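This report refers to the structure that appears directly beneath it.
Computed from the coordinates by the stated procedures, all read-outs in this text should not be read as laboratory data. Predicted model only: the values in this text are computed from it and were never measured. All Cβ positions, even for glycine, are placed from backbone atoms using ideal geometry, and neighbour counts span all protein chains on display.
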Amino acid sequence: ASQTPSSSILTSLTANLPPLPHVPGTEPSRCVLDSFRIAIAKVVADALPELTVEQVYTGVDYGKKGVDFTIALPRFRLKEKVDVLAKKVLDSFQPNDWVEAVVADKAFLHFTVRTPTVTKLVLNQIHELTNNTESGSPEYGINSTGKGKKVVIEYSSPNIAKSFHVGHLRSTIIGAFLANLYKACGWEVVSLNYLGDWGTQFGMISVGFEKYGSQEELEKDAIKHLYDVYVKITKDSDADPNVKIEAAKWFKRMEDGDESALANWRVWRALSIKKYEEEYARLNVFFTEYIGESTVGKEWQDKALERLDEMKLIDDHEGAKLVNLEKWKMGKAVLRKKGTSTSAWILPSSHPIKRLPYPTLTPTLYRSFSLSLTAFYLLLTVLCVRPLDGTSIYLTRDIGGAIERWEKYQFDKMIYVISSQQDLHTSQFFKILKLMDFPWADRLLHVNYGLVLGMSTRKGTAVFLDQIIKEAASVMHDQMKKNEEKYNAVENPEEVAQEIGITGVKIQDMAAKRINNYNFNWDRMLSFEGDTGPYLQYAHVRLSSISRKNPELLPLPPPLEINTSLITEPSAREIVMLLGSYPDVVKTALKTHEPSGVVTFAFRLSHAISSAWETVIVKGEKDEQKAKARLWLYLCARDVLGAALRLLSIKPLERM
Ligand code: ARG
């Protein structure tokens with residue numbers, strides 16, 4: 001899919017334009033604005049022979065409002081003063097089919113590219129890469145910088161039988177975006193959902209299930225039922241300490257691989273995954289593989305401990321093993337729970353202490369008898385109890401898990417999308433892997449994000465993913481019903497409401513920098529006004545409806561016969577420049593791992609389109625050639641807005 005199109009329309013369109021040198025790292029057949037930047041770089045390098053085209057190219061930036069491209073002269077650190085340099089460029093400048101004009105403004109040179117050229121090239125490129133691709137899917141905006149490279153991205157990673165909180169939702173949304181983004185940049189992407197499917201809570205649920213479990217409920221909604229069981233048994237355990245003891249024993253059996261203790265757990269896990277898969281599909285989110293804390297083998301967890309011990313990085317604390325990372329200001333972290341101290345010794349339920357009554361005896365007899373009895377009990381205790389040594393923990397599993405993933409995938413990069421609340425945890429296990437001298441340890445990347453406050457539904461706090469999806473759909477549905485006429489015209493209002501609702505949730509989540517905290521607010525995110533998801537869907541629907549509303553202009557002639565030089569309005573030009581910048585938006589996002597840049601782009605484009613509606617009209621335009629050119633501009637805008645939304649994991653709507 002990421003093959004550079006060789007015999008593109010662009011080649012024939014640029015054949016009669018002034019020739020341009022090749023600049024490494026540019027890809028004009030995928031981002032035609034690269035050609036304009038090269039043309040500008042050439043203008044400057046021709047005027048200032050001490051600079052090469054390549055050097056100047058690195059300094060060609062997008063200009064501020066109203067300016068296409070800008071170069072800040074001081075960045076080249078030349079001997080001559082900037083005004084002398086600027087004058088040289090201005091004096092030798094000859095407008096050509098690429099570059100229309102240059103003006104100097106203090107240390108800056110501002111360039112304007114030629115409107116008919118840029119309009120024709122940008123629209124043709126969008127059209128070609130959207131419609132006539134070898135892969136059969138739209139390709140405008142993608143690039144091949146990641147060709148031959150593999151990235152593993154872990155995201156979502158909820159805990160079975162616990163609530164799906166907003167932290168998991170953010171990880172899901174940001175992770176799905178990153179998976180799309182890396183694919184768009186030519187990478188092979190392996191996406192992993194690392195379930196919290198192991199740990200002492202499964203001992204609790206096992207005990208709870210014997211008391212509260214229902215096969216029927218389980219099959220109806222495994223996620224909800226297991227959560228309910230967990231809540232109930234946790235309550236019981238507050239009153240009765242035996243519950244926890246039973247649970248720990250059960251989990252120990254699980255860790256030892258006792259099939260009878262694992263059978264139920266296997267079913268729960270499978271049913272939970274099934275349910276999650278359905279919900280992720282509604283969110284347009286997918287995984288290559290579901291793994292989990294349970295799938296991490298013991299071998300590497302043990303070896304890690306050994307290796308760190310040899311490196312004298314392990315402290316023994318009452319039998320617990322701690323890795324000491326204080327040298328790196330990462331504190332100490334438990335790698336293995338205490339195994340031999342009494343608190344971890346568990347009494348089997350049939351322990352004789354419970355059964356034998358103390359006899360009533362005279363004080364002296366009692367004392368000697370009691371002493372020997374105590375000794376006897378102690379002996380029994382030693383014989384009957386088993387230490388809980390070796391039950392693995394979160395940090396150790398992450399170390400072992402990373403090593404196993406390396407062995408399996410040999411990735412060029414591995415990304416963990418985890419909340420910033422786990423910054424310390426993540427830096428600890430990254431550090432430990434480095435200390436263990438794994439050469440690939442510096443290929444790991446933590447993409448973190450801030451907190452979301454107050455995700456609740458009208459019925460109370462949301463604890464499950466499907467509650468969030470349902471609430472988004474129903475709040476949106478109510479919103480749509482307010483406009484009865486419009487509502488009645490929608491064919492499938494429920495589906496549309498769900499899609500717009502989900503868009504609202506996602507856009508609110510990705511609109512600001514990841515690290516920012518934000519307040520979850522249904523009203524704000526689901527309004528059609530302001531910078532919201534519904535607003536973007538509305539913009540896309542409006543663009544999609546334009547061909548339905550102008551059937552007499554269809555089918556449009558082949559692209560080369562559309563007279564794009566009739567598109568001259570400043571607001572149309574602004575749209576063209578924005579459309580042309582989309583491939584750069586994608587590249588920047590890959591550097592920053594910030595979806596917000598793509599969201600901002602989608603808003604800027606939608607705003608530019610809505611300000612063009614009044615002046616750049618299609619319906620009512622008497623010059624048919626002009627009407628067709630404009631229609632084509634809007635259709636290209638639809639394709640690019642659609643591409644940006646899909647990159648954000650959103651399904652663009654055609655009607656609403
Ligand atoms: N299941 C964990 C939680 O809910 C998140 C897992 C993050 N990934 C990891 N490799 N530690 O907190």
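Computed from phi, the 3J(HN,Hα) profile of the stretch 140-157 under the Karplus parametrisation 6.51, -1.76, 1.60 (θ = phi - 60°) reads 5, x, 7, 9, 10, 5, x, 4, x, 10, 10, 10, 9, 10, 9, 8, 6, 6 Hz, with x in place of Gly and Pro.
Residues Thr503, Thr615, Thr145, ranked from the fewest to the most other C-beta atoms within 10 Å, line up as Thr615, Thr145, Thr503.
For the chain, the residue among Leu424, Ala462, Asn488 whose Cα projects farthest onto the positive side of the dipole built from Cβ charges is Leu424.
Shape class of the stretch 76-187 from the alpha-carbon gyration tensor: prolate, with a/c at 1.5 or above and a/b greater than b/c. Working ranking of peptides 437-449, 24-36, 209-221, 285-297 by packing, defined as the average number of other Cβ atoms within 10 Å per residue, highest first, is 24-36, 285-297, 437-449, 209-221.
Using R0 = 45 Å, the C-beta based FRET efficiency linking Lys274 and Asn483 works out to 0.75. Scanning residues 5 or more positions from Lys149 or on other chains, those with amide H under 5 Å from its amide H are Glu188, with H placed 1.01 Å from N in the peptide plane.
Classified by the C-alpha gyration tensor, the stretch 466-647 has an oblate form. Its axis ratio a/c, with a ≥ b ≥ c, is 1.5 or above, and a/b does not exceed b/c. Normalised by the number of residues in the chain, the average gap of Cα pairs under 8 Å and 6 or more apart makes the relative contact order 14 percent. Taking Cα centre as origin and charging only the Cβ of basic (Lys, Arg, +1) and acidic (Asp, Glu, -1) residues, the dipole magnitude of the stretch 105-253 rounds to 560 debye. Each principal axis of the Cα cloud of the stretch 553-656 was evaluated for its coordinate range; sorted largest first, these ranges are 46, 29, 27 Å. Pairwise Cα distances in the stretch 448-551 exceed 23 Å in 30 percent of cases. Given their separation in residues at 0.36 nm each and the Cα-Cα distance between them, Lys211 and Glu306 gain 30.1 nm when the chain is fully extended. Each distinct pair of alpha carbons in the stretch 441-487 adds a 1/r term; the inverse of their mean, the Kirkwood radius, is 13.7 Å. If you model the stretch 9-131 as an ellipsoid using its alpha carbon gyration tensor, with each semi-axis the square root of five times an eigenvalue, the axes come out at 26, 14, 13 Å, biggest first. When the C-alpha to C-alpha distance is required to be over 26 Å, the pairs from Lys42/Lys628; Lys162/Lys470; Lys303/Lys434 that qualify are Lys42/Lys628. Across the stretch 499-507, computed HN-Hα scalar couplings (Karplus, 6.51 cos²θ - 1.76 cosθ + 1.60, θ = phi - 60°) run 5, 5, x, 5, 4, x, 4, 5, 5 Hz from first to last residue, x flagging Gly and Pro.
For the chain, a crude dipole built from +1 on the beta carbon of Lys and Arg and -1 on the beta carbon of Asp and Glu, taken about the Cα centre, is about 1160 debye to the nearest 20. The Stokes-Einstein estimate for the stretch 148-293, based on a Kirkwood radius over Cα pairs and taken at 25 °C with 0.890 mPa s viscosity, is a diffusion coefficient of 150 µm²/s.
If you wrap the Cα atoms of the chain in a convex hull and average its projected area over all directions, you get 38.4 nm².
Residues whose amide H lies under 5 Å from that of His446, counting only those 5 or more places away or on a different chain, are Tyr416; hydrogens are built 1.01 Å from N in the peptide plane. Taking the Cα centre of the stretch 9-131 as reference, the dipole from Cβ charges on Lys and Arg (+1) and Asp and Glu (-1) amounts to some 320 debye. In degrees from 0 to 90, rounded to the nearest 10, what is the angle of the helix 201-212 Cα long axis to the longest principal axis of the chain? On a 0 to 90 degree scale, this one is about 70.
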